[in-house]
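Colleague: Attaching a single structure in structure tokens format; questions to follow.
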Amino acid sequence: MELNFFVDYHRCIGCQACVQACQECDTHRGVSMIHLETIRRADSVQTAPQVCMHCADPICARVCPADAIKKTPDGVVQSSLKPRCIGCTNCVIACPFGVPRYTVEVDQMMKCDMCYDRTSIGKKPMCATVCPSGALSYTTLDDFRRDRRGTPVNEWVFGGETVRTRVFVVVPPPTEQMLIQLTTAAGGGAGPDTPADRDDVASLLEGR
Amino acid sequence: MQSLPTSPRPPGSVGVSPADGSARHAGGTPTLPGGMTPARPGPFTFSTACSLGAGIVMLLGIWFGSRGLRDFDSALVWYAGASVFSGMGIAYRYSMWLQRPPTRLYWRRGWQFFLNPARLAWNSGRLAGLFWDNFVLQRFIERRAPLRWGAHWLISWGCLLAAAVTFPLSFGWLRFETAPDSQEIYYCYLSGIRVLAFPTDSFVALVLFHVLDIAAVMVLAGISLSLVRRALDRGALSVQQFANDLFPLVLLFAVSITGLMLTVSSHVLHGTHHGFLSQFHAITVIMTLMYLPFGKFFHVFQRPAQLGVRFYKDAGAAGEPARCIRCGEEFGSRLHVEDLKLVQAQLGIHYEMPDGTHYQDVCPPCRRKNLALIQDGMWRAASLASEERTHG
Ligand code: SF4
Ligand code: SF4
């Protein structure tokens, strides 16, 4: 049975277990690749994890001038090949999900590779193993449907660009596609998040 | 790893290159309505021309450098022939690679900013610094992992040292001869011009006659470090592949060890098996030369693009920053964002939003926050709807 990765942002409780566990991944030991965002909403603070969505036709790889990003036969988009990446950051600013990270000291892009050392031998990725809330889970589609609310979707529309991903996002049925428009904490059009107050939860989470 | 799937793309788009790095459809030759192709030469034609051009230049180089083959050592003809074929392969792949829209843009921009007359002097100084740091010392690899750096430094400098001797020798550019009046003095000629004279028992002679052995020892030491790393590093173990990561090491090992065995045969074993060994060594070298354009070694030719990227980044930093249309924060240079939009258009990536904005103008953190907010909003709406249904 094929195992799949499911992201359910709104279940995240901001515990940072995934951030810590990600550092244990052997392919980038000591450096966490997962992004944990703190979002200031009008009524509360939300945290949300972002892993690589492992696109079927990854934009990061298409814009890479160095041919440094490759996909495995099982659909996992790897971190940049060390001999090739020239640190141009095209992938960093082109990825629709904001995933790749550029590290200045090593002049290289690194990103989540779904713990390939583990998933390639049938184990769960580190983050999904430790996530206590189900925001990140790695299981079969059948098990997911049996145990969880919501429908998994892996098609995203960013303006004129439709992106299919190996990783699913969990949304209320009957959604089939994620239509991405710009939204802010208040839910209205574009604009900055609520300004920081030194003692609010978001500031504390962000370590400001 | 496999090549990325080819999805239907609009005209002018390109595919992502296969895992071996060769461009799948490098230039993105646009297909016109009715299946016609445009008049300008396609990527394959251009690359074939580059490849032939490289072959001709190399043959001319051999002809003139060896003074009409007078200095050419016919025993080394297989090495020279394999080098020319390898050069043609490299030119083919390099030109295919250069025709990919992102590569072409960085190539053009890198030279444009480097050659800017107002900054040429400063850029040249910076180039020297970058060359020293990134090429001679390879410090960026040291910062990745010291063991990796040690292995890479030894292998790369061992190979470069060997290449610096082997190519001029096999092309007939370099020639050694004893002095006509003394068996104790050696002359070194470069294209017929005497550039060095040294006694056969001098230190210079020792180094010159054993430079390939020194190179072989460096490469073997590098391979050993590399194997230690590959055996211990669980990350490397999970992603390494025989064809891409281990086969190049096998090739280099074969070249180095057979080269050293030749020295042992002539200096210690009085020439035992020398004929067989030299043929075996030639086969390993020719295989390595033939592998150059296709496998991992090709990164040697791609890597200098890193320097162009530095000049591009300098120019971007000196110009206007890009500001996110969602949060207003800076996230790179406007130059980069606008250039990337051009590349995306050529690749058939359409981030134009229905409200007239462009998704490329949203910074990566805002992209992440935005996705989470949208998903959360969907769940809120769903629970509101269900509450409404329950209550009434
Ligand atoms: S989510 Fe981003 S980094 Fe991951 S495969 Fe897709 S484009 Fe590449
Ligand atoms: S940063 Fe590296 S992996 Fe990313 S696009 Fe540039 S060369 Fe490719």
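The values are calculated or read from the model by the stated rules, or taken from the named source; none is laboratory data. Just so you know, these numbers come straight off a predicted model, no measurement behind them. Positions of Cβ are generated from backbone atoms using ideal geometry, with glycine treated the same way; all protein chains shown enter the neighbour counts. Remember, those area values only see protein heavy atoms, side chains included, never the ligands or the DNA or RNA. Shrake-Rupley method; radii C 1.70, N 1.55, O 1.52, S 1.80 Å.
Colleague: Within 12 Å, Cβ to Cβ, of B:PHE64, how many net charges do the neighbouring residues add up to if Lys/Arg are +1 and Asp/Glu are -1?
Modeller: +1
Colleague: Hey, what do the phi angles of segment B:312-321 turn into as Karplus ³J(HN,Hα) couplings, whole Hz, using 6.51/-1.76/1.60 and θ = phi - 60°, x for Gly and Pro?
Modeller: Using θ = phi - 60°, the values come out as 5, 5, 4, 5, x, 5, 6, x, 6, x Hz.
Colleague: What residue among B:TYR312, B:TYR94, B:TYR351 has the largest mean-square fluctuation in a Gaussian network model of chain B, using Cα springs under 10 Å?
Modeller: Highest fluctuation among the options: B:TYR351.
Colleague: Let me know the mean shielding of A:93-102 by other chains, meaning the per-residue number of their Cβ atoms within 10 Å of its Cβ.
Modeller: 6
Colleague: What does the structure give for B:355-367 when I average, per residue, the other chain Cβ atoms found within 10 Å of the residue Cβ?
Modeller: 6
Colleague: A follow-up question, please. How much accessible surface area, in Å² rounded to 10, belongs to the heavy atoms of B:PHE276 with a 1.4 Å probe?
Modeller: For B:PHE276, solvent-accessible area is about 130 Å².
Colleague: Tell me, what is the 1.4 Å probe accessible area of A:THR165, in Å² to the nearest 10?
Modeller: Surface accessible to solvent at A:THR165 totals approximately 10 Å².
Colleague: May I ask you to derive the relative contact order of segment B:154-303, considering only C-alpha pairs under 8 Å and at least 6 residues apart, and to give it as an integer percent?
Modeller: Contact order relative to length: 19 percent.
Colleague: Please report the orientation-averaged projected area of the protein assembly as shown, defined via the convex hull of its C-alpha atoms, in nm².
Modeller: Taking a quarter of the hull surface, the average projection is 34.4 nm².
Colleague: Still on this structure, please answer the following. According to the Cα gyration tensor, what semi-axes, each the square root of 5 times an eigenvalue, does the equivalent ellipsoid of chain B have, listed from largest to smallest in whole Å?
Modeller: 52, 25, 22
Colleague: Oh, and also: With charges only on Cβ, +1 for K and R and -1 for D and E, what is the dipole size of segment B:127-237 about its Cα centre, in debye, rounded to 20?
Modeller: So the dipole magnitude of segment B:127-237 works out to roughly 780 debye.
Colleague: Quick check: with the 1.4 Å probe, what order do B:MET218, B:MET96 take by accessible area, largest first?
Modeller: B:MET218, B:MET96
Colleague: Counting only DSSP beta bridges with both residues in the protein assembly as shown, what percent are antiparallel, rounded to the nearest 5?
Modeller: 90 percent
Colleague: Using a simple charge model, +1 on the beta-carbon of Lys and Arg, -1 on the beta-carbon of Asp and Glu, nothing else, what dipole does chain B show about its Cα centre, in debye to the nearest 20?
Modeller: 840 debye
Colleague: Determine ³J(HN,Hα), in whole Hz, for all residues of segment B:252-265 in sequence, where each value follows from phi through the Karplus function 6.51 cos²θ - 1.76 cosθ + 1.60 and θ = phi - 60°; x replaces Gly and Pro.
Modeller: Result, rounded to whole Hz: 5, 4, 4, 4, 5, 5, 5, x, 5, 5, 4, 5, 4, 4.
Colleague: Once the Cα atoms of helix B:211-232 and of chain B are each reduced to a long axis, what angle between those two axes, in degrees from 0 to 90 to the nearest 10, is obtained?
Modeller: Approximately 40 degrees, to the nearest 10.
Colleague: Which value, in debye to the nearest 20, describes the size of the charge dipole of segment A:3-205 about its Cα centre when Lys and Arg Cβ atoms bear +1, Asp and Glu Cβ atoms bear -1, and nothing else is charged?
Modeller: 400 debye
Colleague: Grab the alpha carbons of segment B:91-170, take their convex hull, and tell me the volume per residue in Å³.
Modeller: Once divided by residue count, the hull of segment B:91-170 is 149 Å³.
Colleague: Here is a further query. Counting partner chain Cβ atoms within 10 Å of every residue's Cβ in B:235-241, what's the average?
Modeller: Mean partner-chain Cβ count within 10 Å for B:235-241: 6.
Colleague: Pairs of lysine in segment A:1-138 with Cα under 16 Å and at least 8 positions apart or on different chains: total?
Modeller: Value for segment A:1-138: 5.
Colleague: Would you grab the residues whose amide H sits under 5 Å from the one on B:GLY332? Only those 5+ places off in sequence or on another chain, please, with H modelled 1.01 Å from N.
Modeller: Amide H neighbours of B:GLY332: B:ALA322.
Colleague: Still on this structure, please answer the following. Counting only protein chains, not ligands or nucleic acids, how are B:TRP149, B:TRP111, B:TRP132 ordered by accessible area (probe 1.4 Å), most first?
Modeller: In descending accessible area the options line up as B:TRP132, B:TRP111, B:TRP149.
Colleague: Quick one: helix B:274-291 against the long Cα principal axis of chain B, what's the angle to the nearest 10°, folded into 0 to 90?
Modeller: Once rounded, one gets 20 degrees.
Colleague: Related question: Can you give me the Cα centroid spacing of segment B:206-227 and segment B:156-196 in angstrom?
Modeller: 19 Å
Colleague: Additional query: Round to the nearest 10 and give me the degree value, 0 to 90, for the angle of helix B:364-391's Cα axis relative to the longest principal axis of chain B.
Modeller: It is inclined by approximately 30 degrees.
Colleague: Using Cα-Cα distances under 8 Å and only pairs 6 or more residues apart, what relative contact order does chain B have, in percent?
Modeller: 17 percent
Colleague: Sort out for me the Cα centre separation of segment A:1-19 from segment A:111-190, rounded to whole Å.
Modeller: One Cα centre to the other: 8 Å.
Colleague: So what's segment B:321-379 giving for Rg/Rh, alpha carbon basis, Kirkwood Rh from the mean inverse pair distance?
Modeller: Using Cα coordinates only, the ratio equals 1.01.
Colleague: Can you give the Kirkwood hydrodynamic radius of chain A from its Cα pairs, in Å with one decimal?
Modeller: Its Kirkwood hydrodynamic radius stands at 18.0 Å.
Colleague: Let me ask something additional. Run the 1.4 Å probe and let me know the accessible area of B:ASP73, rounded to the nearest 10 Å².
Modeller: Only protein atoms counted, so the area is about 70 Å².
Colleague: Sticking with this one: Per q in 0.10, 0.19 1/Å, what log10 I(q)/I(0) does a Debye calculation on the alpha-carbon atoms of segment A:53-146 return?
Modeller: Treating every Cα as an identical point scatterer, log10 I(q)/I(0) equals -0.30, -0.93.
Colleague: How long are the semi-axes of the ellipsoid equivalent to segment B:177-244, from square roots of 5 times the Cα gyration tensor eigenvalues, in whole Å, largest first?
Modeller: Those come to 44, 13, 7 Å.
Colleague: Can you put B:ILE283, B:ILE257 in order of accessible area, largest first, using a 1.4 Å probe?
Modeller: The ordering from most to least exposed comes out as B:ILE283, B:ILE257.
Colleague: Whole-Hz ³J(HN,Hα) for each residue in segment B:161-170, computed from phi via Karplus 6.51 cos²θ - 1.76 cosθ + 1.60 with θ = phi - 60°, x for glycine and proline: what do you get?
Modeller: These are the phi-based 3J(HN,Hα) values: 4, 5, 5, 4, 9, 5, 5, x, 5, 6 Hz.
Colleague: Ok, one more. Expressed in whole Å with the largest first, what are the equivalent ellipsoid semi-axes of segment A:1-59 derived from the C-alpha gyration tensor as the square root of 5 times each eigenvalue?
Modeller: Calculated on Cα positions only, the semi-axes equal 23, 17, 12 Å.
Colleague: Counting C-alpha atoms alone, how compact is segment B:245-373: give Rg to one decimal and Dmax as a whole number, in angstrom.
Modeller: Rg then Dmax for segment B:245-373, in Å: 26.6, 82.
Colleague: Then there is this: Could you work out the relative contact order of chain A? I mean the mean sequence separation of Cα pairs under 8 Å and 6+ apart, divided by the number of residues, in percent.
Modeller: Computed over chain A, the figure is 26 percent.
Colleague: Now for a separate question. Could you tell me what % of all Cα pairs in segment B:194-306 have separations over 19 Å?
Modeller: Considering segment B:194-306, 60 percent of its Cα-Cα pairs are separated by more than 19 Å.
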